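Asker: After the C-alpha cells below, expect a handful of questions from me.
Throughout, read-outs are computed from the coordinates displayed, never taken from laboratory work. Remember, it's a predicted structure, so these values are computed and weren't measured experimentally. Heads up, the Cβs are rebuilt from the backbone with ideal geometry, glycines too, and the neighbour counts pull from every protein chain shown.
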C-alpha cells in the first residue's frame, strides 16, 4: 500500500513552470535522485515535416486533464513502487519557442531504481491520455496538431 | 563533426543550482526535449547501510573536475550525436538534506532520441571519473564516502 | 429525455463553432447513437465523427457506452499536449 | 632532480595532514616509484597506497607512468561525487 503522504503534484497552469520549486516540493528527506523531463516549444523542426513555428496555443479540458494526470501518477506508482514524489505540469496558453511547456518529474531514494524510466513513462502517457491540444502558428498559417493515440476502455 | 555552437556548460560551484536558468542556457530554437537528473542530499538512507545524515561536506579537485566534466560531455556527444545542449554542475561545500547537489541535463529536438539515456550516462560517468568527494556528518560521527570505480588508462 | 452538456475542443470546437452546447437526448442513448444524432444536427461535425474521441463525465467512452443522465460529454481529436 | 607538486584530497589529505606539498624526485621516476617513496617518507600514507588513485597533470595515471618534469600529481580515493 502507498503511504498517503508521498507528494504528488499535478496542474494545468498558465504560469511559468518553476523547476526549482517543483523539485523542492517532491523532495523528501529520503530522496536522493530526481529524473525530470521538460518539453519546450521548438521554433524550428527538422524531422518528418520540417517547418518553423512562431508560437503555439495550448488548450486543455482542464478538469479531465487533472484527473488523467492523477491517473498517470497512479500508473507510475503502480509500476515503480519506489517512486517517492511525482510532479506533472502542463502549461497552456500562447507559448513561444524555447519556453518550457510541460514537466514530468519523479524522485526516489537512488537513481538506479527506475526513476528515469518512470519519468519517460510519464511523458509518454501524458501525450496519450491527458486532454491537451496545441495549435501551431507559423509562416505557413495555423494548424491544430493532432496526436494519434486512441485510448482503450478503462484508460 | 560537432557544430561548435552547441551549448555545453560545466561547473563546480558553491552556489545554489538553478534548474530554470540551466535549462534555458541549453535550450536552442530547435530544442523540444530535456532530460534532467538532479541528485539531493538524503537525510535518511534505508538501503545497504541504513543511517541518518546531518549534512555532507563536498570537496573537489576543481580544475581536474572541470576537465573531466568536459570529457563526460564529449563522451555523451560521441554516443548520442543528436544531443543539442549539455549542462553538468556539481555543487560543493556544506550541504544539508533535500539540497540539490548535482545536475546533469541533456537537450535534443525530440524525446525519443536518447536524451534520457544520455542524462543517465552522464550521472553514472560523473560518479566514476569526476574528482569530487563527500564527507558525511551524522549522529554516528563523520566519515568519508568512497566510490569504487578505478579509472582505466585513457579515461 | 436526458439533458446533457457537450464540450468541444480543438478541431471539433472549430468545426462546431462553439465551446459547448446543451442537448436533450433520449434516455439510454449510446455514444454511437449520439454521434449519429450530432452528424445530422451539425453537418460540419459529420466528417469528424470517425476519428473523434468521446468522454462521459471525464472518462473515455466508446460506441456502445450508454450516455448517463445529465452527463458531461467531451468531444475532441486525439490529444497532442506536451 | 624533478620538482613536483603533490595535491591530496579526501582521506589521503586527512592522512597526509596537508593539502599539498612540493617534492624533489629523480627524473624518470614512475608512479610506482613515487608511491614507494611516499610510503617511506609518509608512513601514514602507506596503507592508502594500494587503493589510491593517482593523476598526472589532471589525467589519471598508472603504476608504469613516468612522472614528467614539474608535474602536478593528484592523490585521492575513488571519487564519490554527485
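Asker: Given contacts defined as C-alpha pairs under 8 Å and at least six residues apart, what's the relative contact order of the stretch D:34-82, whole-number percent? Don't jump to the answer; show the numbers that get you there.
Answerer: Details: 43 pairs, mean separation 15.8, N = 49.
This gives 32 percent for the stretch D:34-82.
Asker: Also: Any idea what angle helix B:115-129 forms with the longest principal axis of chain B, computed on alpha-carbon atoms, 0 to 90 degrees, nearest 10?
Answerer: 50 degrees
Asker: Turning to a different aspect of this structure: Where in the stretch A:77-96 is the amide nitrogen less than 17 Å from a point lying 7 Å along the Cα-to-Cβ axis of residue A:137?
Answerer: Residues A:92-96 qualify, since their backbone N sits under 17 Å from the label point.
Asker: Now for a different question. Need one number: nm distance between label points at residue D:59 and residue C:24, each 7 Å from Cα along Cα→Cβ, rounded to one decimal.
Answerer: Placing both labels 7 Å beyond Cα along the Cβ direction yields 8.6 nm.
Asker: So what is the relative contact order of chain A, in percent, for Cα pairs below 8 Å that sit 6 or more residues apart? Each step should come with its number before you reach the end.
Answerer: Numbers: 308 pairs, mean separation 50.2, N = 155.
Computed over chain A, the figure is 32 percent.
Asker: How much mean residue ellipticity at 222 nm does chain D get from its helices, if each DSSP H run of length 4 or more adds -39500 (n - 2.57) and you divide by all residues, to the nearest 500 deg cm²/dmol?
Answerer: On the way: 2 runs with 18 residues, N = 82.
When only DSSP H runs of four or more count, the value is -6000 deg cm²/dmol.
Asker: What is the calculated FRET efficiency for residue A:44 to residue D:40, with r their C-beta to C-beta distance and R₀ = 56 Å, to the nearest 0.05?
Answerer: On the way: r = 64 Å, r/R0 = 1.14.
Calculated value: 0.30.
Asker: How many angstrom lie between the Cα centre of the stretch D:49-81 and the Cα centre of the stretch A:41-82?
Answerer: 48 Å
Asker: Inverting the mean 1/r over all pairs of different Cα atoms, compute the Kirkwood radius of chain D and quote it in Å.
Answerer: On the way: mean 1/r = 0.0797 Å⁻¹.
So the Kirkwood estimate lands at 12.6 Å.
Asker: Continuing with this model, one more query. Measure off 7 Å from each Cα along the Cα-to-Cβ vector at residue B:21 and residue A:71, then give the distance between these two points in nanometres to one decimal.
Answerer: Distance between label points: 4.1 nm.
Asker: Suppose R0 equals 45 Å; then what is the FRET efficiency for residue B:57 and residue A:54 from their Cβ-Cβ distance, rounded to the nearest 0.05? Could the numbers behind the result be given before it?
Answerer: Values: r = 49 Å, r/R0 = 1.10.
E(calc), rounded to 0.05, equals 0.35.
Asker: If R0 is 25 Å, what FRET efficiency do you get for residue C:50 and residue A:78 from their C-beta distance, rounded to 0.05? Intermediate values should be presented prior to the final figure.
Answerer: Details: r = 33 Å, r/R0 = 1.33.
Efficiency for this residue pair is about 0.15.
Asker: Let me understand the stretch B:26-85 better: what is its radius of gyration from the alpha carbons, and its Dmax, in angstrom?
Answerer: 16.8, 46
Asker: Based on the mean of other Cβ atoms within 10 Å per residue, sort peptides A:30-43, A:100-113, D:13-26 so the most packed one is first. Show your work: numbers first, answer last.
Answerer: Values: A:30-43: 24.7, A:100-113: 23.1, D:13-26: 13.9.
Averaged packing, sorted descending, gives the order A:30-43, A:100-113, D:13-26.
Asker: Additional query: Compute the angle between helix B:62-79 and the longest alpha-carbon principal axis of chain B, please, reported from 0 to 90 degrees and rounded to the nearest 10.
Answerer: On a 0 to 90 degree scale, this one is about 50.
Asker: Under 4 °C and 1.567 mPa s, how fast does chain A diffuse according to Stokes-Einstein, given a Kirkwood radius computed over C-alpha pairs? Answer in µm²/s, whole number.
Answerer: On the way: Rh = 16.3 Å.
The calculation lands on 80 µm²/s.
Asker: Nearest 10 degrees, 0 to 90: what angle lies between the long axis of helix D:31-41 and the longest principal axis of chain D (Cα atoms)?
Answerer: For helix D:31-41, the angle is close to 70 degrees.
Asker: Follow-up. Counting only other chains, what is the mean number of Cβ atoms within 10 angstrom of the Cβ of each residue in peptide D:11-23?
Answerer: Working: counts 5, 2, 3, 2, 0, 0, 0, 0, 1, 0, 0, 0, 0.
Counting Cβ atoms of other protein chains within 10 Å of each residue's Cβ and averaging gives 1.
Asker: Separate question: Below 8 Å, C-alpha to C-alpha, sequence gap of six or more: please give me the relative contact order for chain D in percent.
Answerer: Details: 147 pairs, mean separation 32.9, N = 82.
Across chain D, relative contact order equals 40 percent.
Asker: Once you sort the root eigenvalues of the Cα gyration tensor of the protein assembly as shown as a ≥ b ≥ c, which label holds: rounded (a/c under 1.5), prolate (a/b larger than b/c) or oblate (the other case)? Spell out each step's value before the answer.
Answerer: Details: a/c = 3.79, a/b = 2.39, b/c = 1.58.
Taking the square roots of the gyration eigenvalues as a ≥ b ≥ c, the protein assembly as shown is prolate.
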